[in-house]
Amino acid sequence: MSEEQIKNLEAQFEARIARDEKIEPKDWMPEKYRKTHIRQMSQHAHSEIVGMLPEGNWITRAPSLRRKVALLAKVQDEAGHGLYLYSACETLGVSREELYEQLHSGKAKYSSIFNYPTITWADMGAIGWLVDGAAIINQVPLCNTSYGPYARAMVRVCKEESFHQRQGYEIMIKLANGTPEQKELAQDALNRWWWPSLMMLGPTDAESIHTEQSMKWKLKRKSNDDLRQQFIDQTVPQAELIGLTIPDADLKWNEEKGVYDFGEIDWDEFWQVVKGHGPMNKERMKARVDAWEEGEWVRDAAMAYAEKKHTSLKKEVS
Amino acid sequence: MSTKNWPLWEVFVRSKNGLEHRHCGSLHAADEEMALENARDVYTRRSEGVSIWVVESKHITASNPENNGEMFEPAHDKVYRHPTFYDLPDEVKHM
Ligand SMILES: [Fe+2]
Ligand SMILES: [Fe+2]
């Protein structure tokens with residue numbers, strides 16, 4: 001194809017998206033669109049999968065059967081989310097093995113929030129409430145994104161997320177209304193998860209690179225700072241309602257703007273964790289790689305069994 | 001590395017009797033039995049289905065969007081296939 005023809009196709013392509021048409025797997029697309037989508041969707045899938053680890057840590061120690069079934073169902077949902085997203089990503093011509101390889105080799109990123117440890121039961125409350133809460137704010141706009149398989153996967157994901165946040169907040173309510181020790185646990189978890197949750201909405205607009213292109217392709221509909229403000233404004237009253245204190249001395253209602261002003265985010269910490277120096281980066285990756293490698297004989301056995309079954313079936317037929 | 005990767009399957013779910021099976025995504029599985037079980041766990045955790053079809057992705061033949069012109073455009077000028085093409089007097093009801 002000549003350069004001019006490609007320019008033409010690209011213009012038509014952008015116009016389709018501007019008209020709110022969806023792009024489907026076999027449609028022509030610019031190479032950059034394909035690459036950007038593979039990167040974002042696979043990062044998203046990896047986050048769902050690695051995200052199971054911090055919570056999986058508490059399933060066997062949940063304090064009641066009610067909590068245990070809820071946490072188990074939530075973690076299972078996250079596995080599902082990862083699978084919806086991996087399969088949507090594979091429609092762009094990348095294989096599951098390549099995607100895993102990118103994760104396991106450290107080439108691909110996943111959400112930094114999962115590199116923090118879950119040291120008390122209250123962390124299950126804080127994660128559901130804050131981490132899933134921030135994730136929902138990030139994800140809802142993606143239900144209308146331009147790539148059809150991604151948008152459809154996100155519709156399913158978003159439908160399932162709201163129970164995640166509610167079960168987390170319910171844990172926090174119970175602890176906040178419990179004994180002084182329980183309330184302290186809840187407050188401590190909020191203290192540790194608040195700032196990393198704000199970082200989940202991404203670098204400030206001034207620092208954020210891909211934004212303009214992403215807006216055009218509807219991979220992003222609001223800026224990181226707007227999303228963060230939305231998260232803070234919706235979460236602060238929820239903390240107040242259950243008598244917990246947001247760990248930010250500068251947090252203050254701004255009457256004039258109708259939003260909360262908030263303190264400085266420690267972006268050094270954010271970049272440190274992104275670069276692999278968070279408290280749990282190594283453990284998370286090790287758990288993933290071990291699960292994959294130690295499961296290899298199971299995958300091989302299943303494949304061998306399937307092949308054997310099919311050959312014996314063919315023999316019966318002939 | 002494993003010698004052979006599990007193949008890809010497409011999953012179709014009927015949400016209730018009376019409705020058609022609809023494509024809802026794909027997954028990897030060693031064989032059809034495992035594909036069905038995985039499809040149940042991945043796509044019907046909240047009673048979204050009463051029936052599942054799985055078919056190995058390589059068995060699907062798809063039309064190519066590049067040929068959409070010759071494939072679908074011939075139908076565009078066949079307005080006589082639609083009821084509104086026909087002139088009827090206003091007095092005629094229910095037709
Ligand atoms: Fe999720
Ligand atoms: Fe979730």
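Every read-out reported here was derived from the displayed coordinates using simple, explicitly stated rules and does not represent laboratory data. Note that the coordinates shown come from a computational prediction; the quantities given were computed from them, not determined experimentally. As a convention, Cβ positions derive from the backbone with ideal geometry for all residues, glycine included, and neighbour counts pool all protein chains shown.
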*Report the semi-axes of the equivalent ellipsoid for the stretch B:8-81 in whole Å, largest first, where each axis is √(5λ) for an eigenvalue λ of the Cα gyration tensor.*
32, 17, 8
*Could you order peptides B:26-39, B:8-21 by the average number of other Cβ atoms within 10 Å of their residues, highest first?*
B:26-39, B:8-21
_Quick check: Cα centre of the stretch A:298-318 to Cα centre of the stretch A:63-109, how many Å?_
28 Å
*Just for the Cα atoms in the stretch A:172-318, what are the lengths along the principal axes, largest first, rounded to whole Å?*
81, 49, 32
*Say a paramagnetic label sat at a point 7 Å from the Cα of A:Ala287, along Cα to Cβ; which residues of the stretch A:108-127 have their backbone N under 11 Å from it?*
A:114-119
*Taking Cα pairs under 8 Å and at least six residues apart, what relative contact order does the stretch B:8-81 come out at, in percent?*
34 percent
*Over chain A, calculate the relative contact order: mean separation of alpha carbon pairs under 8 Å at least 6 apart, over the residue count, as a percent.*
18 percent
*With the contact rule set at Cα under 8 Å and sequence spacing of 6 or more, what percent relative contact order holds for the stretch A:178-318?*
19 percent
*Taking the alpha-carbon centroid of each part, what is the distance from the stretch B:10-58 to the stretch A:224-255 in angstrom?*
42 Å
*asked:* Just to be sure I understand: with springs between alpha-carbon atoms less than 10 Å apart, which residue in A:Glu31, A:Glu14, A:Glu170 has the highest mean-square fluctuation in the Gaussian network model of chain A?
replied: A:Glu31
*Which order do the peptides A:104-114, A:266-276, A:124-134 take when ranked by the mean count of other beta-carbon atoms within 10 Å per residue, highest first?*
A:124-134, A:104-114, A:266-276
_Rounded to the nearest 20 debye, what is the charge dipole size of the stretch A:205-272 about its Cα centre when +1 sits on each Lys and Arg Cβ and -1 on each Asp and Glu Cβ?_
620 debye
*Compute the Rg/Rh shape ratio of the protein assembly as shown: radius of gyration over Kirkwood radius, all on alpha-carbon atoms.*
1.03
